[in-house]
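The values are calculated or read from the model by the stated rules, or taken from the named source; none is laboratory data. The model shown is predicted, which means the values in this text are computed figures rather than measured ones. Cβ sites come from the backbone with ideal geometry, for glycine too, and all protein chains shown count toward neighbours. Each accessible area value is taken on the protein alone, full model and side chains, heavy atoms only, with ligands, DNA and RNA left out. Shrake-Rupley method; radii C 1.70, N 1.55, O 1.52, S 1.80 Å.
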Amino acid sequence: MAESSTAAVETMLHQPDVEETDAEAELINAQVDDLVIKADELEKKVIEVVNFYEKKQGGINTKGIVVPNKDKASNSTNGMNNSASTSNNKQPAEGPPKDAACSKRMQDLMRQFGTILRQITTHKWAWPFMKPVDVEGLGLHDYHEIIKKPMDIGTIQNRMEGKDEVNRYRNVREIYADVRLVFKNAMLYNDDTNDVHVMAKTLLEKFEEKWLQLLPKVIEEETRQKEEEAQASANVVMAQEASISRIARETDNELSELSSQLQELRRLAIESCRKMTSEEKRKLGTWLSKLSPEDLNKALEIIAQDNPNFQYTAEEVDLDMDAQSELTLWRLKFFVREAHERQARNNSNNNNNSATRGDDASKRKKEICDALAKSAKRRGKKQSP
């Protein structure tokens, strides 16, 4: 049935006296397909640009976007280019050199902090805090229940000197927090009448006093780092805007070229299309009615493209083949041919699959029969005297 249907379509769509016209139309049809692919690629670029500015501006309503004409698109693109050029005139912060400078400044602060720490460690009461608490040796069985994060000055010094690569300090405030933790732990575990508590409280007060002298420099450096990070983020946005501007400019040029090519193809298509005979229109209408619902909707969409007033979504569609342009009729012709060829291939594949399943079933049935025959033969041998 599929073969006869395809043959009938081929008879209707390939008239012997119009082979040359059909070839020209086929060539135009292929060129149109190429342009459709290009249009899809351009659509992705447009979406990328829209999404970028939607994020930047906090949400642009992209529903019902109308593609502007070439002049407006060019003006918009030029505006983006001018904006990008103005932004690019600003001197962007250089990444690696500024990172190195920032690291050097922080190292200088750490060295100054190291001087403070040495002043504390040379105090006569610093010795209990230089090494980790000997919990087992001193019999402090409840130490880890009270002190959740043990710390000592020796561990801090190792981290500052880079001996502990995993837990190296990134800034001065991290060191400051650990030094305070050493004395706070001692004050927490020992009551205020204990000598260790008194020693820790005294050293903490001296440490805080010296820290206040360094603190303005620390705040200045932190403020500077935040400003540099903000500038780096701004530079990233500037680079993104420049990239999006370039994409928009290229897309505008490609859309202009695509529009010119489509206009030329439309002109060639109209010139190449011969007039269909009444018999061809009748057969085309007959085969349109035999399309699947999905393909029929696509065919009606083709008609609606050249007929804006055509209501192809209505429950009942009245289609007058004589009222259609030659271009629309030929587009329908090619679509019908492709749809029926595709359907024929699908039917052929389904038939092949059914035949394969039938062969498998027959093979399995033969295997079962052979097995039963062998079983019956063995039973017969056992029963014989």
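Quick notes
- Condition check for Lys275: within 30 Å of Arg111 (Cα to Cα) and open to solvent by 40 Å² or more (accessible area, probe 1.4 Å): no
- Taking the range 153-167 as the range and being without any contact (Cβ under 8 Å) to a residue 24 or more places away in the chain and on the phi < 0 side of the Ramachandran plot as the test, the residues that pass are Thr155, Asn158, Arg159, Glu161, Lys163, Asp164, Glu165, Val166, Asn167.
- Number of the condition not met by Arg246 [criteria: (1) open to solvent by 30 Å² or more (accessible area, probe 1.4 Å); (2) over 30 Å from Pro128 (Cβ atoms); (3) assigned by the TED database to the domain that holds Gly154]: (3)
- Filtering Thr115, Thr155 for residues that are in a helix (DSSP H, G or I), polar (S, T, N, Q) and farther than 30 Å from Glu228 by Cβ leaves a single hit, Thr155.
- Note on the range 118-152: residues that are open to solvent by less than 30 Å² (accessible area, probe 1.4 Å), without any contact (Cβ under 8 Å) to a residue 40 or more places away in the chain, aliphatic (A, V, I, L, M) and in a loop (DSSP other than H, G, I, E, B) amount to 1.
- Residues that are in a helix (DSSP H, G or I) and surrounded by 13 or more Cβ atoms within 10 Å (Cβ to Cβ) within the range 307-332 comprise Met321, Glu326, Leu327, Thr328, Leu329, Trp330, Arg331, Leu332, listed in sequence order.
For every residue, the table says whether it meets (1) more than 29 Å from the chain's Cα centre (by Cα); (2) closer than 30 Å to Gln31 by Cα; (3) open to solvent by 70 Å² or more (accessible area, probe 1.4 Å).
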| residue | (1), (2), (3) |
| --- | --- |
| Val179 | yes, no, no |
| Tyr189 | yes, no, no |
| Asn194 | yes, no, no |
| Ala200 | yes, no, no |
| Glu205 | yes, no, yes |
| Glu208 | yes, no, no |
| Ala230 | no, no, no |
| Asp252 | no, yes, no |
| Ser259 | yes, yes, no |
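- Set side by side, the residues Lys298, Lys281 differ, and just one is within 23 Å of Leu319 (Cα to Cα), assigned to a helix (DSSP H, G or I), among the basic types (Lys, Arg) and open to solvent by less than 50 Å² (accessible area, probe 1.4 Å), which is Lys281.
- Considered as a group, the residues in the range 153-169 that are out of contact with any helix residue (DSSP H, G or I) (no Cβ under 8 Å at 6 or more places or on another chain) and open to solvent by 90 Å² or more (accessible area, probe 1.4 Å) include one that is modelled with the highest pLDDT, and that residue is Glu161.
- Taken together, the residues in the range 210-228 that are of a type in the set (S, T, N, Q) and open to solvent by less than 80 Å² (accessible area, probe 1.4 Å) amount to 2.
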